[in-house]
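Reviewing the structure listed below.
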Amino acid sequence: QKEVEQNSGPLSVPEGAIASLNCTYSDRGSQSFFWYRQYSGKSPELIMFIYSNGDKEDGRFTAQLNKASQYVSLLIRDSQPSDSATYLCAVSNFNKFYFGSGTKLNVKP
Amino acid sequence: DGGITQSPKYLFRKEGQNVTLSCEQNLNHDAMYWYRQDPGQGLRLIYYSQIVNDFQKGDIAEGYSVSREKKESFPLTVTSAQKNPTAFYLCASSIDRGNQETQYFGPGTRLLVL
């Protein structure tokens, strides 16, 4: 069983719609949770981190964490073609980081 | 201009050759990491270092070696023992916010075998 599971996609949404990306993790001791955006051929870029249960909003992005269900999600409102990328979910437990394989998002104009 | 730099951007290795990938950070981060990314497989941890002169093996350390002589630098050597080195190599560093580490990545080095 992988530490972090994501649907590989691709997830296709029309421009202006809400994109919903999901992630589950296996280690109940995980402390911190991250979403990275990775454009093709580039390195991952941190876009959100969340440490506590509930929602965290930053601009068009909302991260949601449910530790009881071991579930993290990322909502992207008003999706733009420039949001088309692979989104990596990551969790950490005292300096060890585990990454999912990523979900590819396509936003169609 | 703070950040993480990796060089070179592209690196070509011949059979039996050792090559070294550079990673430098001026963020004053204590911890540094090396990952390998293959298509469709996500990131796999090669080595990590929490402090100077100390480092730990990750999940796929065989065929790789590292050093951490300075806080700012964490070079990775891909040895001839690594039989399938073609991949995208990512260096990262992290800041500790009291058990809430946040990790940032360099631009990456793409290694190809001739």
Legend entry - Number of the condition not met by B:E62 [criteria: (1) surrounded by fewer than 15 Cβ atoms within 10 Å (Cβ to Cβ); (2) assigned to a strand (DSSP E or B)]: (2)
Inset, instruction - Looking at (1) free of Cβ contacts under 8 Å to residues at least 40 places away in the same chain; (2) within 29 Å of B:F88 (Cα to Cα), find the lone condition where A:S52 falls short. - result: (2)
Legend entry - Residue count, region A:55-71 (criterion: aliphatic (A, V, I, L, M) and farther than 28 Å from A:V107 by Cα): 1
Inset, instruction - Just give me the residues in region A:1-37 being under 18 Å from A:K104 (Cα atoms) and among the basic types (K, R), in sequence order. - result: A:R37
Legend entry - Residues (touching a Pro at 6+ places or on another chain (Cβ under 9 Å) and part of a loop (DSSP other than H, G, I, E, B)) located in region A:1-60: A:E15, A:K42, A:S43
Inset, instruction - Pick out the one residue from B:F88, B:F12 that is in contact (Cβ under 8 Å) with a residue 24 or more places away in the chain, assigned to a strand (DSSP E or B) and within 9 Å of chain A (Cβ to nearest Cβ). - result: B:F88
Inset, instruction - Taking B:N99 as meeting all but one of (1) modelled with pLDDT of 90 or more; (2) in a loop (DSSP other than H, G, I, E, B); (3) open to solvent by 10 Å² or more (accessible area, probe 1.4 Å), write down the number of the exception. - result: (1)
Inset, instruction - Go through region A:84-109 residue by residue and tally those that are assigned to a loop (DSSP other than H, G, I, E, B), at the interface with chain B (Cβ under 10 Å from one of its Cβ atoms), closer than 18 Å to A:S20 by Cα and open to solvent by 10 Å² or more (accessible area, probe 1.4 Å). - result: 1
Inset, instruction - Spot the failing condition for A:A68; the list is (1) among the aliphatic types (A, V, I, L, M); (2) free of Cβ contacts under 8 Å to residues at least 24 places away in the same chain; (3) under 20 Å from B:L45 (Cα atoms), and only one is missed. - result: (3)
Inset, instruction - Can you tell me which residue within region B:65-76, out of those that are surrounded by 14 or more Cβ atoms within 10 Å (Cβ to Cβ) and part of a strand (DSSP E or B), is farthest from the other protein chains (Cβ to nearest Cβ)? - result: B:S65
Legend entry - The one condition in (1) modelled with pLDDT under 95; (2) farther than 25 Å from A:Q38 by Cα that B:Q41 fails to fulfil: (2)
Inset, instruction - Run down A:S40, A:S52 and say which single residue is under 16 Å from A:K104 (Cα atoms), within 11 Å of chain B (Cβ to nearest Cβ) and open to solvent by 40 Å² or more (accessible area, probe 1.4 Å). - result: A:S40
Legend entry - Count of residues meeting criterion [out of contact with any strand residue (DSSP E or B) (no Cβ under 7 Å at 6 or more places or on another chain) and open to solvent by 70 Å² or more (accessible area, probe 1.4 Å)] in region A:1-16: 2
Inset, instruction - Return the residue satisfying two criteria in turn: it lies in region B:21-52 and is more than 9 Å from chain A (Cβ to nearest Cβ) and in a loop (DSSP other than H, G, I, E, B), and of such residues it is surrounded by the fewest Cβ atoms within 10 Å (Cβ to Cβ). - result: B:P39
Inset, instruction - Could you check how many residues of region B:77-94 are among the hydroxyl-bearing types (S, T, Y) and open to solvent by 20 Å² or more (accessible area, probe 1.4 Å)? - result: 4
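The values are calculated or read from the model by the stated rules, or taken from the named source; none is laboratory data. Computed from a predicted structure; not experimentally measured. Quick reminder, even Gly has a Cβ in these numbers, built from the backbone with ideal geometry, and neighbours come from all protein chains shown. When the accessible area is computed, the model is the full protein with side chains, heavy atoms only, and any ligands, DNA or RNA have been set aside. Shrake-Rupley method; radii C 1.70, N 1.55, O 1.52, S 1.80 Å.
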